[in-house]
1. Sort 15-26, 299-310 by the packing proxy (mean of other Cβ within 10 Å over each peptide's residues), most packed first.
2. If packing is taken as the mean number of other Cβ atoms within 10 Å per residue, what is the order of 31-37, 275-281, 44-50, highest first?
3. Summarise the accessible area of region 163-297 (1.4 Å probe, protein heavy atoms) by the percent that is carbon and sulfur.
4. Given a 1.4 Å probe and every protein chain left where it sits, what share in percent of the accessible area of region 6-69 is carbon and sulfur?
5. State to the nearest 20 debye the size of the charge dipole of region 1-139 about its Cα centre, where the only charges are +1 on K and R beta carbons and -1 on D and E beta carbons.
6. Where in region 25-51 does the amide nitrogen come within less than 17 Å of the point 7 Å from the Cα of residue 92, taken along Cα to Cβ?
7. Could you report region 163-297's accessible area per residue, 1.4 Å probe, as an integer in Å²?
8. Cα centroids of region 153-196 and region 220-236: how far apart, whole angstrom?
Amino acid sequence: MSTFPGTVPELPGIGIDRFDQPVRDRATLFFLSHCHVDHMQGLPDAAPLPGPLYVSPHSAVIVGLRYPQHTLVPVPVREQLSLTVRPPAGPAYELCVRTVPAEHCPGSVMFYFETKTVRLLYTGDFRLSSASLTAITRYRVRPTIVYLDSTFLDRRYAHFPSRQASMDRIVELCSRWLAHDRRNVVALWPPASYGSEELFCQLAGRLHQRIHVYAAQREPYNHFAVLDDVFTDDAAGARIHACRGKTLQHEGACRAAKPEEKHPDFVMTIRPTARRWCNLRPGEPFWQQGSGNLWYVCYSSHASSTELVDFLRSLQPDVRDIRFSVVADELDRVGKETLLRSLLEPAGNELVPPGEEPQRLHCLPLGAFKAKAKLKQAAGKESDSETEGDHAEDDELHRRPMKMARRTGSD
């Protein structure tokens, strides 16, 4: 869960991924990396933001439906904008912003900020493919400061299987189970209520089975044509369910119309998860059967620690200041800083020309990341990215007209 405070000392007047009153008081331009609630604190407030909110087109649809009080500026991925920032206190300045694919969930982006004196990359949550790593080089993203998604910056999480490998395993488990008995159904228990759409698409397309979700869940999906054939409201007829916690661990509650199919022997639950997979090595099984018909499959939309190091190395030698966006406490911060130094500095220092100082990474102290609100953190558990309180308001969603941003010429 993000502990980023929402503001950046080097860029006064902007707020990122946090929109509560302390941030509103200090910002006139706002940026949202993706639509998970730990990055959206303050957006549900009735009062509109005191400035435009820059988001990807995908995120603009979701935010516009949920929180129509805000003025949204959809920015296509990989676009570069030229903006004038007028902080509440201090002189105005010119800011260039580029959106970079983050591949954490649909519509997720990084923000690369440039002024005359600052080059800063805010990653948000991310897990990049090799193609996106190449794009960062192509678009000349050369930050000296990086706000890093440090969720799995931990030696225990050096490896995750690719998301495609994880999806292949989930599809195989579902296929075998559904073929075994016509009464069998699958209950998906995703790590978050939003962000598993690629998995849903593959299940629906490869197994020719629409996935049951409730109407309130489905409302945002109705605005994306690619999902037209993925979901269904037919609780009785569907054999795959992703019902926002309503169908969990052998309880096929939404199948009540068919009493003979409510028995837990006919329900297989699949829990895609990352946190439980400590010390996983390449080539080892990344799926495991729990009690009864419960299966766990390693599936991560955050980068592993090895992927984080590869990402930071791709930004060297420019990056010198790395700031963690996910920090549990001071002990966690120190541990992450020590690990990152041990993994990065030897490789970087081998390239230092004679006579120059070796590269030293600076990490911002924990005090700069103290959250204003209590965070839901539990040892050994993953945080869901949405809460049950979102369900009721989804029924009353409606859109707000959106403004387009002024763009510079593409590079």
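The values are calculated or read from the model by the stated rules, or taken from the named source; none is laboratory data. Quick caveat: nothing in here was measured; it's all calculated off a predicted structure. Glycine gets a Cβ as well: all are built from the backbone with ideal geometry, and neighbour counts include every protein chain shown. For accessibility, only protein heavy atoms count, side chains too; no ligands or nucleic acids. Shrake-Rupley method; radii C 1.70, N 1.55, O 1.52, S 1.80 Å.
1. Working: 15-26: 20.2, 299-310: 22.3.
Top of the packing list down: 299-310, 15-26.
2. Numbers: 31-37: 25.9, 275-281: 15.0, 44-50: 13.4.
My ranking of the peptides, most packed first, is 31-37, 275-281, 44-50.
3. Values: 3010 of 6250 Å².
In region 163-297, the share of accessible area belonging to carbon and sulfur is 48 percent.
4. Numbers: 1020 of 1700 Å².
Summing carbon and sulfur atoms, their accessible area is 60 percent of the total for region 6-69.
5. Values: 11 positive and 11 negative charges, 52 e Å.
Roughly 260 debye for region 1-139.
6. Of the residues in region 25-51, 27-30, 51 have backbone N under 17 Å from the label point off residue 92.
7. Values: 6250 Å² over 135 residues.
With all protein chains present, region 163-297 gives 46 Å² per residue.
8. Taking the Cα centre of each part, region 153-196 and region 220-236 sit 20 Å apart.
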